[in-house]
1. If you go through the stretch 1-25 one residue at a time, how many are surrounded by 22 or more Cβ atoms within 10 Å (Cβ to Cβ) and over 15 Å from the mean Cα position of the chain (by Cα)?
2. Could you figure out which of (1) in a helix (DSSP H, G or I); (2) touching a helix residue (DSSP H, G or I) at 6+ places or on another chain (Cβ under 7 Å); (3) over 24 Å from R212 (Cβ atoms) isn't true of L163?
3. Would you check which residues across the stretch 207-235 are among the aromatic types (F, W, Y) and either part of a loop (DSSP other than H, G, I, E, B) or at pLDDT below 95 (or both) and list them?
4. Look at the stretch 237-270 and say how many of its residues are touching a helix residue (DSSP H, G or I) at 6+ places or on another chain (Cβ under 7 Å) and β-branched (V, I, T).
5. May I ask you to verify whether D296 is at pLDDT 90 or above, of a type in the set (D, E), part of a helix (DSSP H, G or I) and on the phi < 0 side of the Ramachandran plot?
6. Just the residues that are of a type in the set (S, T, N, Q) and either part of a loop (DSSP other than H, G, I, E, B) or over 18 Å from I241 (Cα atoms) (or both), please, taken from the stretch 175-200.
7. Which members of the stretch 147-205 meet the condition of being surrounded by fewer than 20 Cβ atoms within 10 Å (Cβ to Cβ) and in contact with a Cys (Cβ under 8 Å, 6 or more places away or on another chain)?
8. Determine whether the stretch 176-199 contains at least one residue that is among the acidic types (D, E), touching a residue at least 24 places away in the same chain (Cβ under 8 Å) and out of contact with any Phe, Trp or Tyr (no Cβ under 9 Å at 6 or more places or on another chain).
Amino acid sequence: MNPWDFRGKVVVIAGIGDDAGFAWSIAKAFKNLGAKVIAGTWPPLMGILEQILVNEKFAESRKLENGASLEFDAIYPLDALYDYPDDVPLDVRENKRYKGIEGFTISEFAKRIEKDFGSVDVFVHAIANAKEIKNPLSQTSRDGYLHALSASSYSFISLVSHLSPIMNENGSCLTLTYRAAEQVIPGYGGGMSSAKAALEADVRYLAYELGREKKIRVNAISAGPLASRAARAIGMIDSMIQYSFLNAPLQRDLEAKDVANTSLFLSSDMSCAITGQVIYVDHGLGVMGRPTQTEDAKAESLV
């Protein structure tokens, strides 16, 4: 049996909003191998994603290995801050960006998947948000801190909780983390470092619970810096990419497909004995204890 044959497999990817991040590349990787791919998209980004899928200027970005164009088997709205319809505040329901969009809570998202597809084989969580991301941790409000944990870590727990009952045995759950969970990354504020640390702890506990219940594996990918739209919103991404290039054992810029390929491996039978792990896809930067380049060397390399 070919371990890279995903034909007939149902893959759910939560957090696709554009064509520039890891989630988009992961979707293409699974489609290249014949999987059915469901996209969960934040309601205000639904229109943007739909345009990317039809606008000619994104044709190259949509192209698959066989020359065909990426098409999702379903796109459902998903706001991972809310588990049930009664959790949604009135101001959100009446917000113009949510106008005409129904069934976007986590429980409704899972029910639509069950109704339309029956079961799930792979779940990928690519959701992270902190409304005070530019605030140092010491200047982050309680509301901002709890928002970061709710959106970026508890959303994984809730989605796994709602999707695991319809997941097939030997399925795979993946989430995306970052080394700020265990190392200080100045500027990565607003509680996001705490959210990533919590996320990695949750991976271990969920791996135990779901492994015993349904033989479902749960892992995380800790990716190096990528110039996605979300990363550019935080700022400093160019300097982080430069730092990684100069100091990582492998001097190469990270590509989204590097993380996508690791997602395929962790979702295939080739990784059937791997669960509860954080897999680093960062050219080895995470093993370095100190920079190998001085500021002067960096400046010289840019001349």
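1. Qualifying residue count, the stretch 1-25: 2.
2. (3) is the only condition that L163 fails.
3. Taking the stretch 207-235 first, the residues among the aromatic types (F, W, Y) are 208.
Within the stretch 207-235, none qualify.
4. Within the stretch 237-270, residues that are touching a helix residue (DSSP H, G or I) at 6+ places or on another chain (Cβ under 7 Å) and β-branched (V, I, T) number 2.
5. Taking the combined requirement at face value, the residue does not satisfy it.
6. Those that are of a type in the set (S, T, N, Q) and either part of a loop (DSSP other than H, G, I, E, B) or over 18 Å from I241 (Cα atoms) (or both): T175, Q183, S193, S194.
7. N170
8. Kept after step one, since they are among the acidic types (D, E), are these residues of the stretch 176-199: 182.
Next, from what is left, pick out any that are touching a residue at least 24 places away in the same chain (Cβ under 8 Å): none.
Scanning the stretch 176-199, I find no residue that is among the acidic types (D, E), touching a residue at least 24 places away in the same chain (Cβ under 8 Å) and out of contact with any Phe, Trp or Tyr (no Cβ under 9 Å at 6 or more places or on another chain), so the answer is no.
The values are calculated or read from the model by the stated rules, or taken from the named source; none is laboratory data. Please read all numbers here as calculations on a predicted model, not as lab measurements. Counting neighbours? That spans all protein chains shown, and the Cβs are built from the backbone with ideal geometry, glycine included.
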